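Student: First the structure, which I've put down as structure tokens, then a few questions once you've had a look.
Read the figures in this text as sums done on the coordinates, not as results from a lab. Computed from a predicted structure; not experimentally measured. Because the Cβ atoms are built from the backbone with ideal geometry, glycine has one as well, and the counts that use them run over all protein chains shown.
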Amino acid sequence: MGPIKSLWAMVQGDPVFMRRVNGWLAVFWLVMIPFSLVMGWLNSVVYVSALSLWALVSGHWSAWQAARVEVQQQQDAESREKEDLVSQVVAELLAKTTLERAAAESPGGTRS
């Protein structure tokens, strides 16, 4: 079960892969509409039930994915609020910058 869980976690964490999978599933179901009509499957209670279950599962799955994104965005916003970015930038500048006396100016007003 371990490799399957790690594969599932990897797939869930890759938004590009998930977008492609969902795109191909959408194309598949668009193609299945006329095919189902031609084959007469829409008169089958089993087929319509399976289709309804798939719609239910995919709807909840997409809502769950959207909620995961919202939770991550909220956590990122909260962590940004806790950061004091200005003092971090000033501290970094002070650590990397040294103040030295400017070279003495020549009588003509230019530095030598």
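Student: Given the criterion small (Gly, Ala, Ser) and more than 23 Å from the chain's Cα centre (by Cα), identify the matching residue among 67, 55, 9.
Tutor: Values: 67 fails: more than 23 Å from the chain's Cα centre (by Cα); 9 fails: more than 23 Å from the chain's Cα centre (by Cα).
Exactly one residue qualifies, and that residue is 55.
Student: Also, quick follow-up: Scan region 31-43 and tell me whether some residue there is part of a loop (DSSP other than H, G, I, E, B), over 25 Å from the mean Cα position of the chain (by Cα) and more than 18 Å from residue 63 (Cα to Cα). Please lay out each step first, then the result.
Tutor: Of the residues in region 31-43, the ones part of a loop (DSSP other than H, G, I, E, B) are 40.
Add one more test, that the residue is over 25 Å from the mean Cα position of the chain (by Cα), and what stays is 40.
Remaining after also requiring more than 18 Å from residue 63 (Cα to Cα): 40.
Yes, that holds for at least one residue.
Student: Might you check whether a residue that is free of Cβ contacts under 8 Å to residues at least 60 places away in the same chain, part of a helix (DSSP H, G or I), closer than 30 Å to residue 33 by Cβ and among the charged types (D, E, K, R) occurs anywhere in region 78-96?
Tutor: Keep residues of region 78-96 that are free of Cβ contacts under 8 Å to residues at least 60 places away in the same chain, which gives 78-96.
Narrowing further to those that are part of a helix (DSSP H, G or I): 78-82, 85-96.
Subset that is closer than 30 Å to residue 33 by Cβ: none.
Checking region 78-96: not a single residue is free of Cβ contacts under 8 Å to residues at least 60 places away in the same chain, part of a helix (DSSP H, G or I), closer than 30 Å to residue 33 by Cβ and among the charged types (D, E, K, R).
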